[in-house]
Structure formats: structure tokens, C-alpha cells
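Contents: one structure, followed by commentary.
The values are calculated or read from the model by the stated rules, or taken from the named source; none is laboratory data. Just so you know, these numbers come straight off a predicted model, no measurement behind them. Neighbour counts are summed over all protein chains in view; Cβ atoms, including those assigned to glycine, are modelled from backbone coordinates with ideal geometry.
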């Protein structure tokens, strides 16, 4: 199972790549949160969360007694990310082609047809006004990941990270 740190870095790099060119249309049923938690909710309002990682920017939590399923599919890991204590990202990890197929069917039924930049890869994306969702399965490892992210907060994080990096160049 991937580490929380690997998930955090993977999510950040993925979001940097997709936040730059977000289409201006909303996908079908664009969610205003995840499992009853609205995007932007302050972590202090969620007492059933346990901190699993603090990478200095986004903090990652697991929810006590969280349902480890999406429809009929089993999931291995589900983490919630908070930037400046505001809910902005969900990362989900699962194993197996059967779970991939079930989750893909659920996502297509809920959000409509995804973008698939490369038909040879099982990587799908839905982009809306305020939410992005990326779904990927790697047949070689039999593992998949899903990322839901709230674009306004993730764009703020990207801007802050770039500013910190720019200040760091003064050390050279």
C-alpha cells in the first residue's frame, strides 16, 4: 500500500498539471464535497478525523469508522487533505481490476463521460467549475487511485508553493 507521503506528493504533482488548463464547463453532478463534508470545511469542525501526515502544507487525515467501499468496490485507503485547515482533496487507493471496473462504472454513472487523454492508458478525468476528479488504474501493479480536489484551494496552495520556491532561489 502506498505511503501517505507518496499520496501527498502524487496528488500535488497531479493537481499542478491539471489546474493549469481547467475547462470552463462543469461535469455532470459536480460534487460540493465528499461524503457529507463540504469543500472548504475547517478541520476543527470534524472531530472524528485523525491526523496521519503533515507535510508542512497539506495535512492528511483519516476518518474514524469510514466506509471502505465505493458502491460494491472495496478500497484500501481513503485520506482527506486539508490546506490551511480547509478541506480540499480526497485520495482513494484500491486494488484489482474488478474494483477498477466497479468504480469506473459508478463514476461514469454519477459524473458522465470522462476525458481520457490517452486511450491506451486507464486514466480518466472530470473537470468542473470548482472540482476536479482523476481516476487511474495501472494494470502492471493491479493498483488504482482516485483524487477529488477542490480547485480554488488547490490553486491557492500551488501559488503559495511557487512563492516559497521563488523566495528560496535568493539563497543561490
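Between 100, 94, the distinction of being closer than 24 Å to residue 142 by Cβ and out of contact with any helix residue (DSSP H, G or I) (no Cβ under 8 Å at 6 or more places or on another chain) belongs to 100 only. Applying the condition of being touching a strand residue (DSSP E or B) at 6+ places or on another chain (Cβ under 6 Å) and in a loop (DSSP other than H, G, I, E, B) to region 102-141 and asking which residue is farthest from residue 35 (Cα to Cα) yields 116. Only one entry in 162, 142 is under 26 Å from residue 42 (Cα atoms), free of Cβ contacts under 8 Å to residues at least 60 places away in the same chain and over 18 Å from the mean Cα position of the chain (by Cα), namely 162. For the subset of region 117-136 comprising residues that are within 17 Å of the chain's Cα centre (by Cα) and surrounded by fewer than 20 Cβ atoms within 10 Å (Cβ to Cβ), which member is farthest from residue 156 (Cα to Cα)? Going through the qualifying residues, I end up with 122.
The residues in region 9-63 that are in a loop (DSSP other than H, G, I, E, B), within 15 Å of residue 86 (Cβ to Cβ) and either more than 16 Å from the chain's Cα centre (by Cα) or modelled with pLDDT of 90 or more (or both) can be counted, and the count is 5. When we screen 119, 136 for residues that are more than 16 Å from residue 58 (Cβ to Cβ) and modelled with pLDDT of 95 or more, the only hit is 136.
Apart from one condition, residue 165 fits all of (1) surrounded by 13 or more Cβ atoms within 10 Å (Cβ to Cβ); (2) within 27 Å of residue 59 (Cα to Cα); the exception is (1).
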